[in-house]
1. Of the residues in region 77-92, how many are open to solvent by 40 Å² or more (accessible area, probe 1.4 Å), outside any loop (DSSP other than H, G, I, E, B) and in contact (Cβ under 8 Å) with a residue 40 or more places away in the chain?
2. Looking at region 62-76, can you tell me whether even one residue there is under 14 Å from the mean Cα position of the chain (by Cα), modelled with pLDDT of 95 or more and either under 18 Å from Tyr163 (Cβ atoms) or not in a helix (DSSP H, G or I) (or both)?
3. Please go through region 141-188 and pick out each residue that is open to solvent by 30 Å² or more (accessible area, probe 1.4 Å), touching a Cys at 6+ places or on another chain (Cβ under 9 Å) and aliphatic (A, V, I, L, M).
4. On the given criteria, is Glu20 open to solvent by 40 Å² or more (accessible area, probe 1.4 Å), at pLDDT 95 or above, out of contact with any helix residue (DSSP H, G or I) (no Cβ under 8 Å at 6 or more places or on another chain) and not small (Gly, Ala, Ser)?
5. If Met30 passes every condition in (1) surrounded by fewer than 21 Cβ atoms within 10 Å (Cβ to Cβ); (2) touching a residue at least 12 places away in the same chain (Cβ under 8 Å); (3) over 14 Å from the mean Cα position of the chain (by Cα) but one, which one does it miss?
6. Can you confirm whether region 101-113 contains a residue that is open to solvent by 60 Å² or more (accessible area, probe 1.4 Å), in contact with a helix residue (DSSP H, G or I) (Cβ under 9 Å, 6 or more places away or on another chain) and either among the acidic types (Asp, Glu) or farther than 23 Å from Asp28 by Cα (or both)?
7. Among the residues of region 145-183, which ones are in a helix (DSSP H, G or I) and within 14 Å of Asp18 (Cα to Cα)?
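The values are calculated or read from the model by the stated rules, or taken from the named source; none is laboratory data. Computed from a predicted structure; not experimentally measured. Quick reminder, even Gly has a Cβ in these numbers, built from the backbone with ideal geometry, and neighbours come from all protein chains shown. Accessible surface areas use protein heavy atoms only, side chains included; no ligands, DNA or RNA. Shrake-Rupley method; radii C 1.70, N 1.55, O 1.52, S 1.80 Å.
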Amino acid sequence: MHRCQWATKNELDRQYHDQEWGVPLHDDQMLFEFLILEGAQAGLSWSTILAKREGYREAFDRFDPKLVAQYSEEKLVALKENPKIIRNKLKIKSAVTNAIAFLKIVEEFGSFDTYIWSFVNHTPIVNQWKDMGEVPATTAISDKMSKDLKKRGFKFVGSTICYAFMQATGMVNDHTLDCFRYNEVTNL
């Protein structure tokens, strides 16, 4: 069974690739999870984040944005000491900032899903890459998304992070043509 190149390093990568990556996601709490995890990944590998994902879920109340938005300074200090997550003060603080901004979007648009999927007209972009080397790090859409999220107060949402978020949540199908998941994800 042929997979995208990046998904052959370890079992966690394979499972994530085979079950989640590129699958259109419309659940607000899961979208919030990916937004926080992609921001945490900045400067690190996705494998590192996957290995800490359960720790993040425990530490951040299963990514309930209503709870995360209310974190106190004491909670942030405790998170900074938690070895189960990336202990970067700015990334931890951004989760709270982003939860507050996330909830404002939900209030304005009815759901984060409605807002974020509007960047792709509520339809996944299906690319046709032969090799992972062809896959861009950013696009005009991720640039636009990043700019709008920043304007709304989000942190750690640069264009590269936004494009990775788009890939993870199925807003774009970047499985290579020879990957067994390409057609499966395209036909969802």
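1. Of all residues in region 77-92, those open to solvent by 40 Å² or more (accessible area, probe 1.4 Å) come to 77-78, 80-81, 83-84, 87-90.
Right, trim to outside any loop (DSSP other than H, G, I, E, B) and you get 77-78, 80, 89-90.
With in contact (Cβ under 8 Å) with a residue 40 or more places away in the chain added as a condition, the list becomes 90.
Qualifying residue count for the region: 1.
2. Within region 62-76, not a single residue is under 14 Å from the mean Cα position of the chain (by Cα), modelled with pLDDT of 95 or more and either under 18 Å from Tyr163 (Cβ atoms) or not in a helix (DSSP H, G or I) (or both).
3. Across region 141-188, the qualifying residue is only Ile141.
4. The answer is no for Glu20.
5. Every condition holds for Met30 apart from (3).
6. Yes: region 101-113 contains one or more residues that are open to solvent by 60 Å² or more (accessible area, probe 1.4 Å), in contact with a helix residue (DSSP H, G or I) (Cβ under 9 Å, 6 or more places away or on another chain) and either among the acidic types (Asp, Glu) or farther than 23 Å from Asp28 by Cα (or both).
7. Passing the criteria: Gln167, Ala168, Phe180, Arg181, Tyr182, Asn183.
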